[in-house]
1. Go through region 154-173 residue by residue and tally those that are outside any helix (DSSP H, G or I), touching a helix residue (DSSP H, G or I) at 6+ places or on another chain (Cβ under 7 Å) and surrounded by 14 or more Cβ atoms within 10 Å (Cβ to Cβ).
2. Can you tell which of 153, 160, 168, 147 is over 18 Å from residue 213 (Cβ atoms) and in contact (Cβ under 8 Å) with a residue 40 or more places away in the chain?
3. For the condition surrounded by 10 or more Cβ atoms within 10 Å (Cβ to Cβ), farther than 23 Å from residue 212 by Cα and in contact with a helix residue (DSSP H, G or I) (Cβ under 8 Å, 6 or more places away or on another chain), what is the one hit in 104, 87?
4. Are any residues in region 107-126 in contact with a helix residue (DSSP H, G or I) (Cβ under 8 Å, 6 or more places away or on another chain) and either surrounded by 11 or more Cβ atoms within 10 Å (Cβ to Cβ) or within 19 Å of residue 252 (Cα to Cα) (or both), and if so, which ones?
5. For residue 119, all conditions in the list (1) in contact with a strand residue (DSSP E or B) (Cβ under 6 Å, 6 or more places away or on another chain); (2) within 20 Å of residue 28 (Cβ to Cβ) hold save one; what is the number of the exception?
6. Of the residues that sit in region 130-153 and are outside any loop (DSSP other than H, G, I, E, B) and over 11 Å from residue 267 (Cβ atoms), which one is modelled with the lowest pLDDT?
7. Residue 127 versus (1) more than 21 Å from the chain's Cα centre (by Cα); (2) assigned to a loop (DSSP other than H, G, I, E, B): which is the lone unmet condition?
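The values are calculated or read from the model by the stated rules, or taken from the named source; none is laboratory data. Predicted model, so just to flag it, every value in this text is computed and none were measured. Cβ: placed from backbone, ideal geometry, glycine included. Neighbour counts: every protein chain shown.
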């Protein structure tokens with residue numbers, strides 16, 4: 001009987017495994033997971049996730065027995081395209097087998113994936129959230145928090161429920177330097193050492209270095225939708241067979257869209273901007 005080689009009867013080197021991890025478990029600190037509503041996931045540059053949403057029509061008041069008007073809510077959609085964030089590492093078989101190498105490399109790859117994904121989500125030219133020209137512009141924050149108070153009020157009037165301040169490190173530092181008076185050393189925000197979770201106007205704060213210096217976002221996560229896949233990790237000793245080396249590959253496919261940009265605000269802070 002003729003022999004047929006299959007993945008069932010071949011050794012592992014001939015059928016390398018692909019390990020898949022939930023993004024929330026592997027890269028929980030990625031900004032896209034905190035600042036968006038995940039709508040699904042896709043594979044490939046061409047397919048898109050179609051997200052349906054409704055532009056509400058106004059309700060009316062009618063007297064008893066009076067003919068009711070027909071509302072005309074708009075059934076709309078946004079599409080989410082994705083990009084693949086990747087990193088591949090090549091190292092010798094001997095180095096791969098050293099104690100601690102695999103663990104340290106996995107941590108390095110995770111950090112690299114998160115850093116690039118944050119830039120893609122927040123600061124990528126034309127497509128990054130901070131480069132969306134339809135966001136509500138809160139202007140520049142001067143010597144007090146009035147501009148942020150007004151920005152939050154505007155977003156709420158637009159139907160938003162602001163749930164996150166996303167700030168560059170220099171933005172957070174500039175805000176913490178604001179004093180209660182010109183000759184005072186007391187920060188408007190307090191000492192900043194009491195709460196485990198930093199807050200601004202009672203809204204949680206997330207610091208992310210992908211944003212340009214002096215930039216800040218006030219986000220309703222329900223107003224930003226995303227497509228987020230699993231983080232896929234694979235290793236192979238075949239691709240570099242002639243050099244007795246190992247390839248370690250990680251990929252993560254993400255994308256986002258903003259169906260309600262009037263519920264997300266952007267601002268800058270003083271000299272740091």
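1. 6
2. Just one listed residue meets the conditions, 160.
3. None of the others qualify; the one that does is 87.
4. 110, 117, 118, 121, 122, 123, 124
5. (1)
6. Per the stated criteria, the residue is 146.
7. (1)
Residues are listed down the side, and each one gets a yes or a no for (1) more than 19 Å from residue 160 (Cα to Cα); (2) in contact with a helix residue (DSSP H, G or I) (Cβ under 6 Å, 6 or more places away or on another chain); (3) at pLDDT 80 or above; (4) in a loop (DSSP other than H, G, I, E, B):
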site	(1), (2), (3), (4)
4	yes, no, no, yes
45	yes, no, yes, yes
52	no, no, yes, no
68	yes, no, yes, yes
78	no, no, yes, no
